[in-house]
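Every number in this text was worked out from the coordinates using simple rules, so none of it is lab data. Since the model is a prediction, treat every value here as computed from it, not as a measurement. Quick reminder, even Gly has a Cβ in these numbers, built from the backbone with ideal geometry, and neighbours come from all protein chains shown.
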Amino acid sequence: MGFCYLNNVAIAALEALATGTKRIAVFDFDVHHGNGTEDILLNKPGAAFFSVHQYPAYPGSGRANVGNNCFNFPVAPSTPRGDYRDVLSSAMHALKRFKPEIIGVSAGFDAYARDPLAQGTLETEDFHWLGQSLKAVKVPVFSLLEGGYSLELPELVLAYLRGVAGK
């Protein structure tokens with residue numbers, strides 16, 4: 001129903017589980033709910049999905065948790081920036097409780113305050129903080145670019161990667 005023909009983060013998560021990883025978390029901060037990832041990983045032993053996304057927004061899913069391993073953290077359009085970060089923090093705490101061996105990230109930068117396709121409120125430094133927060137879990141992290149449509153996308157990605165790298 002969406003724009004993705006291959007769900008790269010779900011493919012990577014399933015491959016990790018098939019090749020010896022016992023616990024993998026997928027953390028999705030794209031402004032759109034990762035309904036495809038959720039459908040693929042739903043109730044999959046060893047996998048957990050954590051999605052922070054704008055709701056309501058396309059595709060209209062992600063209002064509540066589903067199954068025993070898919071946790072949704074909806075954020076209303078134009079939520080104040082501090083409140084948005086609080087939701088991200090809550091999702092990060094839930095991810096840490098899962099105790100993954102590895103984290104796959106669906107990195108969407110369309111929650112940026114000046115992105116033309118959504119009503120996010122995050123700034124460049126929030127993406128840096130998010131990268132730092134993922135690094136602080138102290139397990140390997142890999143990230144896949146999912147979205148972001150502002151002219152500032154390169155700066156947002158760089159800030160996030162600097163955070164993941166501990167810079």
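Below, the figures for the structure above:
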| quantity | calculated |
| --- | --- |
| Residue in region 100-115 that is among the acidic types (Asp, Glu), more than 27 Å from Ile11 (Cβ to Cβ) and in contact with a Ser or Thr (Cβ under 9 Å, 6 or more places away or on another chain) present | no |
| Residue selected from region 111-167 under the condition part of a loop (DSSP other than H, G, I, E, B) and among the basic types (Lys, Arg), by the criterion surrounded by the fewest Cβ atoms within 10 Å (Cβ to Cβ) | Lys138 |
| Candidate set: region 69-84, residues that are in a helix (DSSP H, G or I) and in contact with a Leu (Cβ under 8 Å, 6 or more places away or on another chain); chosen: the one farthest from Thr124 (Cα to Cα) | Tyr84 |
| Residues satisfying the stated conditions in region 87-129, i.e. among the acidic types (Asp, Glu) and free of Cβ contacts under 8 Å to residues at least 60 places away in the same chain | Glu123, Glu125, Asp126 |
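Conditions (1) in contact (Cβ under 8 Å) with a residue 24 or more places away in the chain; (2) under 13 Å from Asp30 (Cα atoms); (3) among the polar types (S, T, N, Q), marked per residue:
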residue	(1), (2), (3)
Arg85	yes, no, no
Gly131	yes, no, no
Leu144	yes, yes, no
Leu158	no, no, no
Leu161	yes, no, no
